[in-house]
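Report on the structure given below.
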Amino acid sequence: MRHPLRTALIATVLVSTAGLVGAHCQIPCGIYDDELRVQLMEEHATTIEKSMRQIGELSSADTHNPNQIVRWVVNKEQHAQELQDIVTAYFMAQRIKVPSAMEGDAWKEYVEQLSLLHRIQVEAMKAKQTTDVAHVEALRELIAKFRTAYFGEEGGHSH
């Protein structure tokens with residue numbers, strides 16, 4: 001016989017932690033959509049840029065609306081964090097495989113992909129700290145380079 005309080009507690013924990021699985025689960029489910037993740041990274045960069053521009057416009061307006069400014073700041077930070085989560089929880093933790101030898105083409109490819117992902121992380125962090133759209137431009141360039149490094153010259157587009 002199940003104890004109702006225990007069942008309710010388990011259900012509460014499951015529901016409250018369901019949203020914490022941001023970029024992808026870390027069980028070997030075998031369900032991956034790498035192209036979608038890169039597209040999401042690109043979309044997050046676009047949203048970060050829009051947020052930055054809105055913050056600038058609202059801050060320089062004659063009538064300040066602090067609530068709207070705060071909402072755009074929060075939006076910018078959330079999308080930068082989601083981009084970082086895709087980089088770490090999806091690509092670095094699950095998709096980029098460590099080669100067996102620390103030499104040769106496989107090692108060079110591994111280092112290039114990790115370097116690009118690290119640089120994306122840093123630019124996303126800088127995008128959190130400022131409203132300088134130069135960081136978004138850098139993000140876009142780095143994501144494009146990662147796309148090529150990960151998928152090859154065809155770039156992974158499925159459409």
Any residue in segment 129-148 that is open to solvent by less than 30 Å² (accessible area, probe 1.4 Å) sitting within a Cβ distance under 7 Å of a residue that is part of a loop (DSSP other than H, G, I, E, B)? List the pairs, counting only those 6 or more apart or interchain. ARG147/GLY155; ARG147/GLY156
The lone condition PRO99 fails out of (1) part of a loop (DSSP other than H, G, I, E, B); (2) open to solvent by 30 Å² or more (accessible area, probe 1.4 Å) is (2)
GLU123 fails exactly one of (1) without any contact (Cβ under 8 Å) to a residue 12 or more places away in the chain; (2) open to solvent by less than 50 Å² (accessible area, probe 1.4 Å), namely (1)
Is it the case, given these coordinates, that GLN94 is over 18 Å from LEU139 (Cβ atoms), surrounded by 15 or more Cβ atoms within 10 Å (Cβ to Cβ) and of a type in the set (S, T, N, Q)? yes
Check segment 56-64 and report whether any residue there is modelled with pLDDT under 95, surrounded by 18 or more Cβ atoms within 10 Å (Cβ to Cβ) and either more than 10 Å from the chain's Cα centre (by Cα) or basic (Lys, Arg) (or both). yes
Across segment 67-85, what is the number of residues that are open to solvent by less than 50 Å² (accessible area, probe 1.4 Å) and touching a Leu at 6+ places or on another chain (Cβ under 6 Å)? 1
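The values are calculated or read from the model by the stated rules, or taken from the named source; none is laboratory data. Everything numeric here is computed off the predicted structure, so don't read it as measured data. Cβ coordinates were reconstructed from backbone atoms using ideal geometry, including for glycine residues, and neighbour counts include every protein chain displayed. The area values use the complete protein model at the heavy-atom level, side chains included, leaving out ligands, DNA and RNA. Shrake-Rupley method; radii C 1.70, N 1.55, O 1.52, S 1.80 Å.
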